[in-house]
Amino acid sequence: MFEIRAATPVDREALQQLIAISARELSRGYYSEEQVSAALKSVYGVDSMLIEDGTYFVAEADDIIVGCGGWSKRKTLFGGDQFSNRDASLLDPRFEAAKIRAFFIHPNFARRGIGRAILDRCEAEAAGKGFISLELMSTLPGVEFYPACDYVATDPILYDAAGVVLKFVPMKKMLSQ
């Protein structure tokens with residue numbers, strides 16, 4: 001059993017720890033240790049703006065954060081506070097896609113419906129704010145998950161994370177009106 005709630009600034013340290021363990025454990029077989037370390041230094045991490053906007057969520061089991069993820073009404077597609085390519089300007093929900101952001105699940109709780117429950121909440125909230133589509137940048141471990149939730153992959157990209165190349169897969173979904 002788990003409960004989903006909005007993340008708060010107090011959760012920051014627990015989220016950073018969750019992101020690190022999730023990335024290190026669930027990326028095995030998809031990314032090398034060097035790639036994961038580079039991603040943790042330059043891309044993966046807590047995005048304080050999502051917390052401030054009230055669009056980042058945590059899943060808790062017995063008062064322990066076991067999953068996180070969110071959506072954004074801002075232009076930045078991925079990356080935590082340390083990520084340099086950030087654009088905090090607001091999206092126009094009539095013409096631009098809301099961003100699905102920063103999903104991480106504790107390895108001991110993977111494949112138990114936590115990611116799906118957080119994603120469902122994100123999609124419902126984005127639709128409630130007038131967004132008609134969603135987009136995300138999937139890591140390789142998420143490539144099977146998102147299509148199972150009706151996201152359509154586009155051509156993979158290669159991203160330079162502090163001198164180490166990572167493969168990501170952009171995905172999109174139309175919301176039913």
Original post:
For the stretch 37-105 and the stretch 120-177, what is the separation of their C-alpha centers, rounded to whole Å?
Top reply: 12 Å
Original post:
Picking from Phe168, Ala38, Val58, whose Cα lies most toward the positive end of the charge dipole for the chain (charges on Cβ: Lys, Arg +1; Asp, Glu -1)?
Top reply: Phe168
Original post:
In Å and whole numbers, how far do the C-alpha atoms of the stretch 117-177 stretch along each principal axis, longest first?
Top reply: 41, 21, 20
**OP:** Using a cut-off of 11 Å between beta-carbons, work out the net charge of the residues near Ala162 (Lys and Arg +1, Asp and Glu -1, Ala162 not included).
**Re:** -1
Subject >> Non-local Lys pairs in the stretch 3-135, i.e. 8 or more apart or on different chains, that have alpha carbons under 20 Å apart >> reply: 5
Original post:
What dipole magnitude, in Debye to the nearest 20, does the chain give about its Cα centre under +1 on Lys/Arg Cβ and -1 on Asp/Glu Cβ?
Top reply: 320 debye
Original post:
Which of Phe103, Ile114, Cys149 sits farthest toward the positive end of the charge dipole of the chain, with +1 on the Cβ of Lys and Arg and -1 on the Cβ of Asp and Glu?
Top reply: Cys149
**OP:** Please check which bits of the stretch 142-177 a label hung off Ser32 would reach, taking the label as a point 7 Å along Cα-to-C-beta and the cut-off as backbone N under 15 Å.
**Re:** 159-167
Original post:
Using the scaling law 2.2 N^0.38 Å as the reference, what is the normalised Cα Rg of the chain?
Top reply: 0.95
**OP:** Name the residues whose placed amide hydrogens come within less than 5 Å of the amide hydrogen of Val66, ignoring near sequence neighbours (fewer than 5 apart) on the same chain.
**Re:** Ala59, Glu60, Ala61
Original post:
Which residue, Cys68, Cys122, Cys149, tops the fluctuation ranking in a GNM of the chain built on C-alpha contacts under 10 Å?
Top reply: Cys149
**OP:** Please go through the stretch 7-95 and write out the chymotrypsin sites (Phe, Trp or Tyr not before Pro) that DSSP classes as loop and that have at most 16 other C-beta atoms within 10 Å.
**Re:** Tyr30, Phe83, Phe95
Original post:
Sorted by packing (mean other beta-carbon atoms within 10 Å per residue), highest first, where do 61-67, 167-173 land?
Top reply: 167-173, 61-67
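All of the numbers you see were taken from the coordinates with simple rules; none came from a lab. If you're wondering where the values come from, they're calculated on a predicted model, not measured in any experiment. As a convention, Cβ positions derive from the backbone with ideal geometry for all residues, glycine included, and neighbour counts pool all protein chains shown.
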